[in-house]
Amino acid sequence: MTDPIEPSTSTSDPNLNLSPSTLLLPRREPFEHGLLPIQKLIFADPVQALTPLKQKLVSSSTHRVDSAALADALQISLDHARLVLETLALVLHSESDPLVSARPEDVDSVGADLRDLIMFLYIQSYKRLLPRPHKDSAAVADVWPSTSAFDGYLSALSPLQLVRCNTRRFMPSQADEEAHQLSYLKKHLANILSLLSEPVEGEGEESLVLTMEGFEHLGFLIQFGDKGSEGVPLSEAAPFFANSDPDMPAVPVPASQVHDWLLQNIASSLEHVTEKISAKENGPPSGSDQDVAMADASPSSAKASPSVRSPCFIEGVSKSSYIKQASDLKNSSVKVINCHDSVIYILAPLRYATIYGCSDATVVLGAVGKAVRIEHCERVHVIIAAKRVCIVNCRECVFFLGVNHRPLIVGDNHKLQVAPYNTFYSKLEEHMTEVGIGTTINRWDEPLALGVIDPHDSLSHPAGVSDAQAESAALLDPDQFTNFLIPNWFEGESTGLTKDNPFPLPDAYLTSQQRNQKNLGEIKQILREAPLEENRKRELSCALHVYFKDWLYASGNIRQLYCLQGD
């Protein structure tokens, strides 16, 4: 990539005032859920590639772009172009943009705003922060399960070896990632502003100006304050647009002036975040970020973060159950990290969710209105109602899905299975309605496999692997499909209206379910009517208990018994 446009260092403008109470922060969502491993979207020089693209697409009078126009401009398939628009819709900063609320069949007729699209394409060159190496490999070996047979498939570190190097203490913290994203924005700010600006007659620095509307589109990448969508609008935080007359169009501002003001804000934020990281590293080892509330292995000790922007962490749960309802969460995002041999229930409406580094666990997510990312997991059952699911570097996992978009499969995956959604709780449909998930479209059985290598990770990989397609997921055999029962812990409280699985089952799975129920009824009837002596009944009961116990362990359903323990 060529060096970004050299920034101006002038800071003498008296309008460049910093507000100490509102720090500039990067929006996490585009960097965490908006990166697609499609090689043609990653440009060695984004400005050189996107400037002519912008000129080509700007011919539309509405400044909105559909899949066909994008596919033609980038020379990508229609499927990939549509994936770009759908992914952009899930990470947009403005909930009022019509693409956010568009039904899947209307995405093309609505199209994407060109300025948001250009920024989305620009950050596809972003490289994620590398995890810190573990200082004691012997300690890791003691904690983690034995090495997988698949380890070593890639050079350097396989997915599970990589995640085994990353207990919470050694993986990047939210503050680390925030500093990394701020540094990226600082380096590329001039380029980004040049793509949002409009030329005017003149020479030198003043030849590019930024309108207030163009400035607001920077909200895709940055925000002021820590309250997410409830934060300070960019134009109100900026001194050059703050007092604009709502009845009069705001006067465009030289891009160089915007650049200098933002650079000062980024520098102030970087200093604040760096101090936070330094305090954490030099302070007592707690394993927790200071900017977010953490949840440890005991559900009762979990606290909601005071910031809507910060995700709620559920971490390190082992051989137990963890239950969270909507009333327990003040956050719109959740991260489930390094949980093992457990059942995690998060029965709440969410915007985003991440499941990372879990093994031999069952995770039930209520309703996720934007996107779910599941990464570095092994032998995990995940039950999700969501708009979009992205599965990365997972092995021997089963995903029971109610999803409105095709599940994405990325990276070094092995022996994955997908199945239709298989559970419910009383407020499920209420939560789905709240976050905008429909039940009439479930694309669980249409997984879309992208590349084996994620170019956004800063890892070196063997030559020739980068173009390989990820291993897709098989459909679960209908005979293996079972309903998952969520215990009703809160029977005395007000309940919702959901009495059954809201997603219709495909015929094969419905038939299998009905057959299993019929067989169960017949077996119960036979056992009731069997003319057995008492000692024979005891022998039969013992045999059934043995087979049932074997089935619990073989199927992984032993985890559900943790719910019966006195937590």
Note on region 358-385: residues in a loop (DSSP other than H, G, I, E, B) and within 14 Å of the chain's Cα centre (by Cα) are HIS376
In region 330-355, anything in a loop (DSSP other than H, G, I, E, B) and more than 23 Å from GLY34 (Cβ to Cβ) is listed as LYS330, ASN338, CYS339, ASP341, SER342
I need every pair where a residue in region 526-555 that is exposed (fewer than 11 other Cβ atoms within 10 Å of the Cβ) has its Cβ under 8 Å from the Cβ of a residue that is modelled with pLDDT of 75 or more and not small (Gly, Ala, Ser), sequence separation at least 6 or different chains.
none
Any residue that is among the polar types (S, T, N, Q), in contact (Cβ under 8 Å) with a residue 60 or more places away in the chain and closer than 15 Å to HIS431 by Cβ - is there at least one of those in region 314-332?
yes
For PRO455, indicate whether it is crowded, with 18+ Cβ neighbours inside 10 Å, closer than 30 Å to LYS127 by Cβ, under 19 Å from the mean Cα position of the chain (by Cα) and modelled with pLDDT of 90 or more.
no
Sole miss for ARG115 among (1) under 21 Å from the mean Cα position of the chain (by Cα); (2) buried (at least 19 other Cβ atoms within 10 Å of the Cβ) is condition (1)
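Before we move on, is ARG82 at pLDDT 90 or above, open to solvent by 20 Å² or more (accessible area, probe 1.4 Å), within 20 Å of SER197 (Cβ to Cβ) and part of a helix (DSSP H, G or I)?
no
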Pairs where the first residue, in region 260-273, is touching a residue at least 12 places away in the same chain (Cβ under 8 Å) and the second is in a helix (DSSP H, G or I) and among the charged types (D, E, K, R), C-beta under 6 Å, 6+ apart:
ILE266/LYS186; VAL273/GLU178
For region 47-62, does any single residue satisfy the condition of being touching a strand residue (DSSP E or B) at 6+ places or on another chain (Cβ under 6 Å) and at pLDDT 90 or above?
no
Would you mention how many residues in region 315-336 are closer than 20 Å to VAL398 by Cβ and within 17 Å of the chain's Cα centre (by Cα)?
1
For SER472, all conditions in the list (1) of a type in the set (Ser, Thr, Tyr); (2) modelled with pLDDT of 85 or more; (3) over 30 Å from LYS127 (Cα atoms); (4) surrounded by fewer than 18 Cβ atoms within 10 Å (Cβ to Cβ) hold save one; what is the number of the exception?
(3)
If we ask which residues in region 376-414 are open to solvent by 10 Å² or more (accessible area, probe 1.4 Å) and either within 12 Å of THR362 (Cβ to Cβ) or among the β-branched types (Val, Ile, Thr) (or both), their number turns out to be 4
Tell me the residue from ALA419, ALA353 that is farther than 27 Å from HIS456 by Cα and modelled with pLDDT of 95 or more, please.
ALA419
If HIS340 passes every condition in (1) farther than 22 Å from CYS312 by Cα; (2) open to solvent by 20 Å² or more (accessible area, probe 1.4 Å) but one, which one does it miss?
(1)
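The values are calculated or read from the model by the stated rules, or taken from the named source; none is laboratory data. Since the structure is predicted, the reported quantities are computational estimates derived from the model, not experimental observations. As a convention, Cβ positions derive from the backbone with ideal geometry for all residues, glycine included, and neighbour counts pool all protein chains shown. Only protein heavy atoms, including side chains, enter the accessible area calculation; ligands, DNA and RNA are left aside. Shrake-Rupley method; radii C 1.70, N 1.55, O 1.52, S 1.80 Å.
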